[in-house]
Structure formats: C-alpha cells, structure tokens
Amino acid sequence: MPDPDDDVELPPSYDFTGGFGSFLTDPQQRDPGDPAATDPADPADPPGGATPPPPPTQPATPPPPPVRQRGWRGPTGPSAYGTPPSASGAISRDPQPAAASAGAKAPTTPPRPARKPRKKAKRRTPTAARGSGSNPRQGSSSTPATAPPTRTGWTPWRLAGTAAAVVTVAVVVGVNATGDGAGSDPQSTTVPVEPDTSSVLWTYGLDRDARLMRDDLSGASALATGLGSAIAVGDRLLGRFSADPNDEDGPAKIRVVDLVDGAARDLLTLERPRCAAVPGALGRGSDLVACSGVDDSSPVIVTLNVATGEEVRRWPVSAPIELIAVTADGVVTLDAVDPEVGSTALRWYGPDGAPRWTVPSADLPGSVREQLLQQRDEGWELLYSAVLAPVGDGALLSGSQAVVSMDATGVTLATACWAGSVVGDVFTCDNEGTREAEGRTASGELLWSDEDLSLGLGYLRRAPVTLASDYVSLEEDYRVDNRLVDARTGRTGPVLPEIEGSPRVDGPVGSPVAIVEEDREDYDETTVATVSLLDPVTLGVTWSVELPSRQYSNVVVTDRRVLVEVDRRRWTVLDLADGSVVGGLATDSDVVAIVDGGIITSGFDAMQRVELP
C-alpha cells in the first residue's frame, strides 16, 4: 500500500475564463512536487532603504457597462450543449442544396457579426427584511440564471405557456397521495410552507409497464419537467404511457383518462408516438388529436377522436417523426434525424393528409442548422432545445438561438436570433443578420423592427411575453433593467424594477407571471423570490409579492391560481387576481397538466386530479 504521505500526482488544472472552446493548462498552476511550485522565499528588504509607495487615496474608476453587442445572450448554443455540425456551420456529409425544394423560399442569413461576451450582472442584496408573501413588493431583486437542463432524469416542473393559455385544469399524479391532500410531506422543509389545503378528486393507479412519458407530448424535450407531457382535450386527459417513460423511441400506448372520474382507455399503440391537439380541441369545440408514430414498421399520422375512440383519418408519411404541430391549415412535422449524415426535413400536410411541401435541412442556412443539430458519439441528433409550435395559422421551429417560420405555402424565414419569444399568433426575434429586434407573423410578414431594442428572453424558456433589456452603470458594476414589449406593435413599457436581472416568465399569454430571486452564494441557502403578474396591455405590473423560497423556484399558472414551489414538492398557492396567499400544496409527484379548478399530477404509481384551494 502506498504511503499516504507520498506525493500524489494530480491532473493539471484548466483555465475556463475564456469559455469551454478549448482547455488550456493554467501556467500559474503546476503539479505538486514541481520545484517551481514551492513557496517563495521571504521578500528581501527594499534596496537603499527605499519605502514602498503609499496606497492610492482615490478609488479606482468603476468599470463601464459592457459594450452592447446587439442581442448577445451568452453561450447557450451548441458550444455549450453540443458539438456544432462543423466549424463553418455546414452539416458534414449532408447533401449540398441543389435546386430549392417545393415550398422553400431560399432563406438566407447574412454573415454573423462578431460577438463580445457580456459580464454577469451583479445582484443587489436587500438592506431590510422582506415580507412573507402577501405584501406588495417595494424594492427590487434579481435571479440567478437558470441552470442548464439535462436529458437524463427529470428536472421537476416547467410551465408550458401555450398549454396553460387554453386549458384551465391541471392533473396531478401522486405516489403516496391519499385522503384529502395531494400527498404526504416529501421532505423536511427549510423555508416556511403553507399547510396542504388541496383536495384529490380521483386517483388513477399506474402499472409498472405503463407510466406517463416525461417529455412534451409533441416530442420536444426542452426543459422537460412533466408539464406538457399530458394535455386536456375536451373532458379527457391524453398522454403517452410506456414501461420506460424516458424512452422516446420505443412503443407506447396513447391513452385517455376521463377528467370526471379517472377512468382510462387506450386508443392506439405506436412506436415513437408524438401527439398534438387539433385547434379547438383544447377548449370545448372538438375532441380531436393528431398523433404520429410507427405502426407495424410503417410511419403514419393518425387523427383520433378522444371522446369516442374513433380513428378519423390515417395517412402514411415518408419517415418517422421527431416533432409535430397542428394548425388550422394542416399538420407540420420534423423528420427524425438521420444519425449517419445529420439530415432531417420539415413537411407540411393538409387537413386531409395531402402533402403540401417538403424542405430538407440542407436547404436551411448553416447558422440555423447548427442550432438544431448536434453530433455525438452515437451519431447526429436533434438538440434538446428544438421546439416546433403553432403560431397562428403557421408554425415556428426554434432552437436556442435560431428560428424557422413557415405556413401552408412553405418556409417563410430561417435566421439566427439572439433572443425572442412566441406570443400568441406572432413571434419576436433579435435578428442576428439585420441586428434589429423584429416582430413577425409565421407567414413572414414584418410587423415592426427596432434597432435600439435588445430582447432579453430566449426561445428555450418558452416565455409568453417579450422583454427588452437595458444595462445601467452602477458605482462598481451594472444592473439589467427590463421592459415589456408589445410583440405585435413593438411598443415598450416602463422599466419594471420588480423583474430586474434575469427573470423567468411562465403562464398563458393573457396572464404571464414572472419570478426573480435574490442571489445567494450557496445553492442550498434560502432566498427571497419575487413573483409578479405582468400586464400585457399596460406593459406594467398588476401585483407583486415576495416569498421566502429555495433557489430556482418553479411556477405553474392555472386559470385562477399561481403555484410557487417554495421548497421541494411544497407549493404556496396565490390568487391570480391579487397575489394573496390562499393555501398550499404538498405532493410527491410532478405537475403534468392544467385543468378546470386545479392540476393533474403524475408519479411512480399513481395519477391524480387535484383541486386547488
């Protein structure tokens, strides 16, 4: 056995100050035992009796705010989360674009301007104690940047704004939830929590070979937290159930659960299924969904009636599907990525299943492809940040910093965007090519542009609002001020101190809720979360409250309540109308859907419908 006092050779340290693009051995640090790394000798006395110069009496000039590089949002693209297709942006071995495919409108992107990373804004610590949750906020705070999500495991609770906008009830699946509450206290809390005042309307037991799949029902895995893994269609809940809830490519049952009594029925079994509600089905207008998948080795799209179980229409497709969205003008899909060559294709089908157009990935600009595709040891795959969502009568495929808009006539825009969001039937883009903030429809119509605006939210967050961010010099640093932007007109509101810094915004378009947190050195240290209801009409704040909470709190917005996860699996319930505390929720499970009067939760062996106080 080696002597524990012997020197042990350690690996070299690395300098990451310049990012993760390369690993450089730090010349200031050496291996133990290196003579150059020994402690220096005591310094000699100054020659000639000289004395050291006195320290300066004036403080150094505070650093100026960063030189604003239009739209720079930090390393959120492939450099941080995957290997880009190539240094030039072209996909290796992907066929070169020849003649434009049917539906393509030859989208182009100007060369990228040089970027300069910006420094992280300093968070200000409050000077006085703050309230416990029911008093309007008087000061300002900010929040740490959201931790990068992972594809492995399940990071609990994301709010899908588009789903919350049209569905008013949430279903909760519990593991050990019995009685009137949604579940037992999952762990001891470190912050004050409200007692559980929710009630369970029904419980549906889950078999070991049929658990709710965790990614978004449409196939997107960006910030997958469970919310969006099931949707309410009419009076039923639709989800995908399989033995491995993390396996997006295996067989799964498309199952509906009655929202009244929890009775379940299987509609269809497909490999790698993806589903989306037909417009109108998320209200009470219809009960139709479109699901893609592989049936008996044949890729298909099937339209189903969730109320009757009837198969309304079925048509074959040329390849398995990775993402699906449904609009009033048809169904748009993104093919599964070919792992050998890194190619995929966008396709549009009419309501009757007739193919309208196809645009292969080779026809898209390289700067867009590198935000959608990555090469790993197993081959090429779609980046986790890719989302395909309906926008009015069209659709938008977005990566972390790129968008492709389309309608029934073809692709209308493909460009790199530093930031942006989807708000109802329009989307915004901090366009890297034009260096302007823009508002557009899915058909490509430019609604407004402003070269002086720098947008402050990325597509990855799926925020239901658009923010403009400004940098303000402070004595020693600078802060980030945020203003709401009308996505349709480009009109901006006043600076909102309640959402200073880097807010997270969730909820429906009509009731967006923002949360920011005071910065803490230790991740486990309790912080103060400021929760604010934003007004998309006045571009101001309707109400704002402060809650002691753990860091990186999650928020869920229903038709009349706001849930804030102040501690792990412990939620404080606020009234959406005025922000007052109306009760609490304790559950061992994940919130997977929003329904009338409450939520749906799902856990290891049970699903529940929970009525909120």
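Looking only at segment 396-434, count every residue that is more than 20 Å from residue 465 (Cα to Cα) and at pLDDT 95 or above and tell me the total. Selection size over segment 396-434: 10. The criterion of at least 2 residues that are among the charged types (D, E, K, R) and under 20 Å from the mean Cα position of the chain (by Cα) is met, among strands (runs of 3 or more DSSP E) falling completely within segment 436-550, by 504-506.
Between 299, 279, 355, the distinction of being at pLDDT 95 or above and open to solvent by 50 Å² or more (accessible area, probe 1.4 Å) belongs to 355 only. Checked against (1) open to solvent by 40 Å² or more (accessible area, probe 1.4 Å); (2) in a loop (DSSP other than H, G, I, E, B), residue 269 meets all criteria but (2). When the criteria are applied in full, residue 538 fails the requirement of being among the hydroxyl-bearing types (Ser, Thr, Tyr) and open to solvent by less than 10 Å² (accessible area, probe 1.4 Å).
Residues considered: 228, 262. Of these, the only one that is touching a helix residue (DSSP H, G or I) at 6+ places or on another chain (Cβ under 6 Å) and within 21 Å of residue 598 (Cβ to Cβ) is 228. I need the full set of residues from segment 551-567 which are over 21 Å from residue 519 (Cα atoms), open to solvent by less than 10 Å² (accessible area, probe 1.4 Å) and part of a strand (DSSP E or B), in order please. Result: 556, 557, 562, 563. When the criteria are applied in full, residue 257 meets the requirement of being modelled with pLDDT of 95 or more and either hydrophobic (A, V, I, L, M, F, W, C) or touching a Cys at 6+ places or on another chain (Cβ under 8 Å) (or both). Screening residue 367 against (1) surrounded by 22 or more Cβ atoms within 10 Å (Cβ to Cβ); (2) at pLDDT 95 or above; (3) not acidic (Asp, Glu) leaves a single unmet condition, (2).
In the set (1) open to solvent by 20 Å² or more (accessible area, probe 1.4 Å); (2) touching a residue at least 40 places away in the same chain (Cβ under 8 Å), the condition left unmet by residue 445 is number (2).
In segment 462-482, of all residues being of a type in the set (D, E, K, R) and buried (at least 19 other Cβ atoms within 10 Å of the Cβ), the one that is nearest to residue 387 (Cα to Cα) corresponds to 462.
Scanning segment 166-220 for residues that are at pLDDT 50 or above and among the aliphatic types (A, V, I, L, M) yields 191, 193, 200, 201, 206, 210, 212, 213, 217, 220.
None of 307, 290 is under 28 Å from residue 204 (Cβ atoms), in a strand (DSSP E or B) and among the small types (Gly, Ala, Ser) except 290.
Residues that are open to solvent by 10 Å² or more (accessible area, probe 1.4 Å) and in contact with a strand residue (DSSP E or B) (Cβ under 7 Å, 6 or more places away or on another chain) within segment 399-430 comprise 407, 408, 412, 413, 422, 423, 425, listed in sequence order.
Just to be sure before I move on: is residue 495 of a type outside the set (Gly, Ala, Ser), closer than 18 Å to residue 391 by Cα and surrounded by fewer than 24 Cβ atoms within 10 Å (Cβ to Cβ) in the structure I sent?
The answer is no for residue 495.
The values are calculated or read from the model by the stated rules, or taken from the named source; none is laboratory data. Keep in mind it's a predicted model, so treat the numbers as computed, not measured. When we count neighbours, we look across all protein chains shown, and the Cβ atoms used for this are built from the backbone with ideal geometry, even at glycine. Just the protein is used for accessible areas: all its heavy atoms, side chains included, with ligands, DNA and RNA removed. Shrake-Rupley method; radii C 1.70, N 1.55, O 1.52, S 1.80 Å.
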